[in-house]
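Visitor: First the structure, then my questions, so here it is.
The values are calculated or read from the model by the stated rules, or taken from the named source; none is laboratory data. For clarity, every value in this text was computed on a predicted model and none was experimentally measured. Here the Cβ positions follow ideal geometry from the backbone for every residue, glycine too, while neighbour counts run over all protein chains shown. Just so you know, the surface numbers come from the protein's heavy atoms only, side chains and all, with ligands and any DNA or RNA stripped out. Shrake-Rupley method; radii C 1.70, N 1.55, O 1.52, S 1.80 Å.
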Amino acid sequence: GCYCSASQGAANTREHQRHGEMISKKLLGSIKAGNAKKFYKSAAWGHKRKQVLKRDNWECQKCKDKGGYSRATTVHHIKHLTDRPDLALTDSNLVSLCSACHNEEHPEKLLKYIAGEQKEYITEERW
C-alpha cells in the first residue's frame with residue numbers, strides 16, 4: 001500500500017497517481033472498453049511518462065542492459081496495458097525504451113504497419 005501523506009485522512013487521488021498506485025475509474029473504463037488512445041492522451045499518462053523518462057535518465061533500458069546507449073523516446077508497459085490496466089501508472093511496470101526496442105517488444109504492431117493496416121504510427125504512444 002501507499003504510505004504517502006495522501007493516505008492520511010481523505011485520499012488525494014492526484015498524489016496517489018503520482019506514485020502510480022491509482023488510475024481514475026474513467027480511464028480504467030476506457031482501457032477496458034478498448035480505447036487505449038484516450039489513456040495515452042490523458043494528463044495522468046503525460047505526467048507519468050515524463051517521470052519515468054526522467055527516472056531512467058532518458059536512456060533506453062534495454063540498450064543499457066546490453067552495454068549500449070540509445071535515447072529513450074517511449075515508455076513501455078511491461079505487463080501490457082490491455083492485459084493489466086490496473087498497472088497503467090505503476091512505476092515498476094513502466095520502462096523507458098528507444099523506438100527500435102519498443103517495436104521489438106510489440107512485433108504485432110510492426111506487422112500491422114507493414115501490412116498497411118496502420119497508416120501513421122507503429123505505437124499508440126505519440127510523444
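Visitor: Quick one: accessible surface of ARG55, probe radius 1.4 Å, all protein chains present, in square angstrom to the nearest 10.
Guide: Near enough 110 Å² of accessible area.
Visitor: Another question, if that's okay. Under the classification rounded if a/c is under 1.5, otherwise prolate if a/b is larger than b/c and oblate if not, where does region 42-108 fall, given a ≥ b ≥ c as square roots of the Cα gyration tensor eigenvalues?
Guide: It comes out oblate by the Cα gyration axes.
Visitor: For GLU104 and TYR69, calculate 0.36 nm times their separation in residues minus their Cα-Cα distance, and state this gained length in nm to one decimal.
Guide: 11.0 nm
Visitor: Another one. Which of the pairs LYS32/LYS64; LYS32/LYS66; LYS48/LYS79; LYS25/LYS109; LYS50/LYS79; LYS26/LYS48 have their Cα atoms more than 25 Å apart in this structure?
Guide: Numbers: LYS32/LYS64 33 Å; LYS32/LYS66 35 Å; LYS48/LYS79 16 Å; LYS25/LYS109 27 Å; LYS50/LYS79 19 Å; LYS26/LYS48 17 Å.
Pairs exceeding 25 Å: LYS32/LYS64; LYS32/LYS66; LYS25/LYS109.
Visitor: So, R0 is 22 Å and r is the distance between the beta-carbons of LYS26 and ASP91; what FRET efficiency does that work out to, to 0.05?
Guide: Working: r = 21 Å, r/R0 = 0.97.
Efficiency at R0 = 22 Å is approximately 0.55.
Visitor: Accessible area per residue for region 40-109 in Å², computed with a 1.4 Å probe and the full protein assembly in place, what is it?
Guide: Result: 52 Å² per residue.
Visitor: OK, next. Rank LEU89, LEU28 by accessible area, highest first, at a 1.4 Å probe radius?
Guide: Working: LEU89 5, LEU28 40 Å².
The most accessible residue leads, giving LEU28, LEU89.
Visitor: Restricting attention to region 41-99, which chymotrypsin sites (Phe, Trp or Tyr not before Pro) occupy a DSSP loop and are surrounded by at most 16 other Cβ atoms within 10 Å? All intermediate terms of the calculation are to be shown ahead of the outcome.
Guide: Numbers: sites: TRP45, TRP58, TYR69; in loops: TRP58, TYR69.
For chymotrypsin sites (Phe, Trp or Tyr not before Pro) across region 41-99 that sit outside H, G, I, E and B with at most 16 neighbouring Cβ atoms in 10 Å, the list reads TRP58, TYR69.
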